[in-house]
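Worksheet: the structure to be examined is printed underneath.
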Amino acid sequence: IYSCCYLSRRLNQLSSHDPLWKRHCKKYWLISEEEKNQRNQSWKAIFISTYSDLGRYIQYYATLKKAWDDLEKYLGQRCPRMIGSLKESVQEEDLDAVEAQIGCKLPDDYRCSFRIHNGQKLVVPGLMGSMALSNHYRSEDLLDIDTAAGGFQQRLGLKQCLPLTFCIHTGLSQYMALESVEGRNKYEIFYQCPDQMARNPSAIDMFITGTSYLEWFTSYVNKVVTGGYPIIRDQIFRYVHDKECVATTGDITVSVSTSFLPELSSVHPPHYFFTYRIRIEMSKDALPEKACQLDSRYWRITNAKGDVEEVQGPGVVGEFPIISPGRVYEYTSCTTFSTTSGYMEGYYTFHCLYYKDRFFNVTIPRFHMVCPTFKVSTARIVSEDAVFLVLLLIGQYETNHNEYAVDEDEDSTDTDEYEDRRRVLDIPAPSGRCPRHT
């Protein structure tokens, strides 16, 4: 419309009709009536001035601005001190300077988000979620543009990767690939995962967390503001709860939420680490004499291959909680799988406090844990291909050589050489499991 208004007097008159610009101001820039009144400008003037500043982001701005607004409103009610860690927006020249510094173009959706908020200060808790498990703790901050630029990677394995988040406790970051190199797609977002079985230090596998900044950020915000992630002690905890993962036995309800921990996981060797948070609640309408105490637990753990392990033990996390009407008990534990997925189920055994010789079992619903999509390091692929080629060449040489050699013992077999080759190509996958299962 803005461009067409110069074509004719009629279009010029039409373009000056202010209500016409109101719709576009609200659609693209989320300008409210209150903000319009504060500016004391016409809708057309507001649209034109905003477009001159943010026009390159017109396809992203409304989505990202709404996500930021929703997040601020939600956190303002539940995690108010986190709001104080958010940094003011940056200007176009600041983003251009970063591009010049790192020698790569930043995607427009990333730039647009930082025109709204320049990440956050390096504080705890972090905006991008926390996780606490026994003596392991992490909390990820959304990096401001200057800090992110300072952590820009050019080393092998992470070439042209920009950190988006950082945990000061673990050093964990989520990276965004600014170019399609080393097997990554452009603008893909991932956790790095060093290949522990490769000799090449640039062999880095990746757990994928997003296909673009817009998708990555808005999907995270949506989980936060819809209650998908619980708020615990003024922090966002990235536990995912399946609404169907609930079981009620009598007056007691057990529900489970789970989380994958990339910093404690690896692709090579296959070791996928999960934590789960269990909530045990007795109905507030239950009779007082229904109060009971947890004695023991039983777990049936099944991996993706169908292998089953059974675990039984006293209490949970070293405790024997008492449950009474309206009371809630929650605890966190962990498990690992050598396969990319698995599930757990089982029951707790309780005894009644009023009738101590009365015991009963409470069902723990089956809950599934699935590793996120991952990519294997291109360095590993190249290395394995090279080994395979060398072995083929060795085999070909031996075949050609033996055509002319006199074999003094036709029945002999070089078993040591065979075993060496097998070990090169068939590296055993060590099995590992968290011993707790509490």
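The values are calculated or read from the model by the stated rules, or taken from the named source; none is laboratory data. None of the values given here were measured: they were computed from a predicted structure. For neighbour counting, all protein chains shown are included, and Cβ atoms are generated from backbone atoms with ideal geometry for every residue, glycine included. The accessibility values were calculated without ligands, DNA or RNA, using every heavy atom of the protein model including side chains. Shrake-Rupley method; radii C 1.70, N 1.55, O 1.52, S 1.80 Å.
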Residue by residue through the stretch 147-157, the couplings from Karplus 6.51 cos²θ - 1.76 cosθ + 1.60 with θ = phi - 60°, in Hz, x for Gly and Pro, are 5, 4, 4, x, x, 4, 9, 10, 6, 4, x
Descending packing, highest mean Cβ count within 10 Å first, for 305-315, 63-73 is 63-73, 305-315
Taking alpha-carbon centroids only, the stretch 256-303 lies from the stretch 316-340 a number of Å equal to 5 Å
For the stretch 61-223, the per residue accessible area (1.4 Å probe, Å²) is 40 Å²
note: the stretch 32-116, Cα-Cα separations exceeding 17 Å make up a percent value of 60 percent
Of the accessible area of the stretch 119-221, computed with a 1.4 Å probe and all protein chains kept, carbon and sulfur make up a percent value of 51 percent
Around P325 (Cβ within 13 Å, Cβ-to-Cβ, excluding P325; K/R +1, D/E -1) the net charge comes to -1
So the pair-distance distribution of the stretch 207-322, from every Cα-Cα distance in 5 Å bins, comes to percents of 2, 8, 12, 17, 20, 16, 12, 7, 4, 2, 0
Taking N as the number of residues in the stretch 66-149, the ratio of its alpha carbon radius of gyration to 2.2 N^0.38 Å works out to 1.21
The equivalent-ellipsoid semi-axes of the stretch 61-223, taken as the square roots of five times the Cα gyration tensor eigenvalues and listed largest first in whole Å, are 25, 20, 14
Sorted by chain and then number, the residues having a modelled amide H within less than 5 Å of the amide H of Y187, at least 5 places away or on another chain, are A177, L178, E179
Env charge @ A291, Cβ radius under 11 Å, K,R +1 / D,E -1, value 0
Rounded to 0.05, the calculated FRET efficiency for the beta carbons of D94 and K305 at R₀ = 60 Å is 0.70
